[in-house]
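Take a look at the structure set out below.
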Amino acid sequence: MANQIIATAVCHTDAYTLSGADPEGNYPVILGHEGAGIVESVGEGVTKLKAGDTVIPLYIPQCGECKFCLNPKTNLCQKIRVTQGKGLMPDGTSRFTCKGKTILHYMGTSTFSEYTVVADISVAKIDPLAPLDKVCLLGCGISTGYGAALNAAKVEPGSTCAVFGLGGVGLAVIMGCKVAGATRIIGVDINKDKFARAKEFGASECINPQDFSKPIQEVLIEMTDGGVDYSFECIGNVKIMRAALEACHKGWGTSVVVGVAASGEEIATRPFQLVTGRTWKGTAFGGWKSVESVPKLVSEYMSKKIKVDEFVTHSLPFDQINEAFDLMHAGKSIRTVVKF
């Protein structure tokens with residue numbers, strides 16, 4: 001089905017593939033995976049959507065039929081995984097060309113295009129009244145962080161949490177922890193400019209690891225009488241993943257890996273950390289089963305239960321998309337939305 005993209009945001013994952021460092025990156029490619037738009041036309045056999053529907057493309061689809069979709073424990077639909085990973089549609093072809101040459105799809109979405117073609121299981125139909133230049137963020141970052149707290153960690157009322165990395169995903173984790181009733185949420189980042197906004201989202205305090213002579217996990221253990229109940233790594237740094245786990249409380253602490261590390265990286269800790277009752281886990285897209293959950297997240301935003309507008313720090317026309325990447329690399333933006 002073909003969609004007209006109205007707005008799309010720029011995410012670190014796009015930059016990672018753009019850099020050429022992504023070993024699973026296929027080129028040439030149209031990037032983008034955090035967008036929103038309108039269905040322009042549907043192909044043969046598409047029954048659940050029609051032209052004119054308002055949608056958010058999904059990089060993790062939901063077919064509702066594979067064993068992953070049928071299992072309530074995961075959201076990792078595998079129906080089109082192989083072709084999507086190759087930058088192709090489910091039938092093994094690309095729908096993009098430039099000057100006669102084939103251009104590949106990206107994450108099954110390719111939202112950096114005025115028109116894109118996606119599988120019918122790779123879109124969520126949403127409230128047509130939702131502002132697309134805001135809810136496009138629910139296609140990746142906000143949903144990922146918010147779900148990491150609610151679905152992966154299952155943060156409980158009264159708990160203490162630490163969030164490593166205060167970018168868009170980290171702020172969404174803080175929002176999720178607050179919604180879940182956490183009473184103490186500690187933000188951790190080496191950029192102090194991010195602290196004020198983190199507190200607006202619900203962080204009770206923020207610390208900079210560079211201000212201490214000892215490892216940050218030791219600092220957190222001292223601050224919290226033994227460690228936090230839940231920690232979240234939202235950077236993609238394997239050393240910070242270890243610190244986040246080791247900052248957890250003995251006996252029950254849970255650490256969730258949310259950040260995507262570079263290819264080939266490995267995590268390490270002493271087995272004793274796990275033997276003594278800590279849990280180490282990860283999440284993709286916050287554990288949301290996408291087709292059914294994204295419309296509900298849009299509704300939560302529309303009813304003011306969750307923040308979305310506050311994540312948008314910059315808005316640019318599409319021809320200035322390179323500036324959006326510059327703002328992200330400079331740490332000056334949470335999310336820049338580009339509009340066609």
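Structure notes:
- Solvent-accessible area per residue for the chain (1.4 angstrom probe, square angstrom): 45
- P(r) tail fraction, the chain - alpha-carbon pairs more than 25 Å apart, %: 50
- Net length available on complete extension from Asp225 to Ser213 is 2.4 nm, with 0.36 nm assigned per residue and the Cα-Cα distance removed.
- Rounded percent of accessible protein surface that carbon and sulfur make up, the range 78-150, 1.4 Å probe: 56
- 12 Å beta-carbon shell around Lys339, net charge (K/R +1, D/E -1): -2
- Enclosed volume per residue, in Å³, of the convex hull spanned by Cα atoms of the range 1-59: 100
- Compactness check for the range 27-183: Cα Rg over 2.2 N^0.38 Å is 1.16.
- Calculated FRET efficiency for the pair Asn71/Val275, C-beta based, R₀ 45 Å, to 0.05: 0.95
- Carbon + sulfur, % of accessible area of the range 179-304 - ligands and nucleic acids excluded, 1.4 Å: 51
- With eigenvalues of the C-alpha gyration tensor scaled by 5 and rooted, the range 186-340, Å: 31, 20, 17
- Taking the chain as a Gaussian network of alpha-carbon nodes connected by springs under 10 Å, the highest mean-square fluctuation of the residues Leu245, Leu70, Leu58 belongs to Leu70.
- Distant-in-sequence amide contacts of Ser41, defined by a placed amide H-H separation under 5 Å and a gap of 5 or more residues or a different chain, comprise Ala2.
The values are calculated or read from the model by the stated rules, or taken from the named source; none is laboratory data. A quick note: this is a predicted structure, and the numbers were derived from the prediction, not measured. Backbone-built Cβ (ideal geometry, glycine too); neighbour counts: all protein chains shown. Only protein heavy atoms, including side chains, enter the accessible area calculation; ligands, DNA and RNA are left aside. Shrake-Rupley method; radii C 1.70, N 1.55, O 1.52, S 1.80 Å.
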